[in-house]
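The structure appears below as structure tokens.
The values are calculated or read from the model by the stated rules, or taken from the named source; none is laboratory data. Being a predicted model, the structure only gives us computed values, none of them experimental. Neighbour counts are summed over all protein chains in view; Cβ atoms, including those assigned to glycine, are modelled from backbone coordinates with ideal geometry.
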Amino acid sequence: MADRSLSDQLKQLQYAEPPLDPSSFTVDDVVRGGRRRRQRRTAVQIAAAVAAVAALGTGIVLPQLHGNGNGNGAPPAAPTISSAPALPRIDLADKKVTFTQKGATATAKKSGKVVATLTLTSATWGTKSSQFVFGIDAMQPVRIDTAGFTLYAGGAENSADSERKINFPAGKSTFTLDFKDVHDYMSNPAEPEAIGWFPANGDALWER
């Protein structure tokens, strides 16, 4: 029994292998065995730590999560911006549109609400040709038919050149009306006297 190593004696004690005599182990033997086991565990832990440090030294980098408030690493969603619906275009020749005039400005209304204002900003009165520049301030998109404008000269009525329907966006815009070959009833050149605008349900008149 004395020739056996301490580890053999501990194994025999663990499996109760006869003719092992537990009384042959002293307290010092047990303490020394436990100290050896702790030393072996410590050595294994130190070896594992050294291996981990060596792995870091090879340049292995753990992935990093970039925080963005949603916890999944995806870019944050852009905020949704809602825009107001576009207002419909109004034809100022509509019978539901009414007009009032004060000085050089005519105001168009629909259902009591101002739709647009039309102002004569420049006028060239000529015996052979005339030109007029209007400024429009629209609360919403509108359409103007230039066929609604008439130039009066010597009692005759003259139409604008290149009659057309013009669409204007909301906001301020300008447009120009040209009248060529101005004449009176006798087909003679005459001094223009006024320009009128006659939509379906209203009128405006700008005198010279």
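Just for the range 106-128: of the residues that are in contact with an Asp or Glu (Cβ under 9 Å, 6 or more places away or on another chain) and surrounded by 16 or more Cβ atoms within 10 Å (Cβ to Cβ), which one is farthest from residue 207 (Cα to Cα)? By that ranking, first place goes to 110. Within the range 99-128, the set of residues being in a loop (DSSP other than H, G, I, E, B) and within 38 Å of the chain's Cα centre (by Cα) comprises 111, 112. In the range 142-161, the residues that are in contact (Cβ under 8 Å) with a residue 40 or more places away in the chain form Cβ pairs under 6 Å with partners that are of a type in the set (Val, Ile, Thr) and in a strand (DSSP E or B), at six or more places apart or across chains, as follows: 142/90; 144/166; 151/195.
Only a single criterion out of (1) exposed (fewer than 15 other Cβ atoms within 10 Å of the Cβ); (2) of a type in the set (D, E, K, R); (3) farther than 20 Å from residue 117 by Cβ is not satisfied by residue 203, namely (3). Where residues in the range 155-200 are in contact with a Pro (Cβ under 8 Å, 6 or more places away or on another chain) and surrounded by 15 or more Cβ atoms within 10 Å (Cβ to Cβ), which of them is farthest from residue 102 (Cα to Cα)? Filtering first and then ranking leaves 183. Given the criterion at pLDDT below 90 and closer than 17 Å to residue 92 by Cα, identify the matching residue among 196, 202, 154, 148. Just one listed residue meets the conditions, 202. For the range 158-203, a residue qualifies if it is part of a strand (DSSP E or B), of a type outside the set (Val, Ile, Thr) and either outside the structural domain of residue 110 (by TED's automatic domain parsing) or over 19 Å from residue 124 (Cβ atoms) (or both), and the qualifying residues are 165, 167, 168, 171, 172, 173.
Does the range 92-104 contain any residue that is at pLDDT 95 or above, in contact with a Leu (Cβ under 6 Å, 6 or more places away or on another chain) and not basic (Lys, Arg)? Looking for residues that are at pLDDT 95 or above, in contact with a Leu (Cβ under 6 Å, 6 or more places away or on another chain) and not basic (Lys, Arg), one finds at least one in the range 92-104, hence yes.
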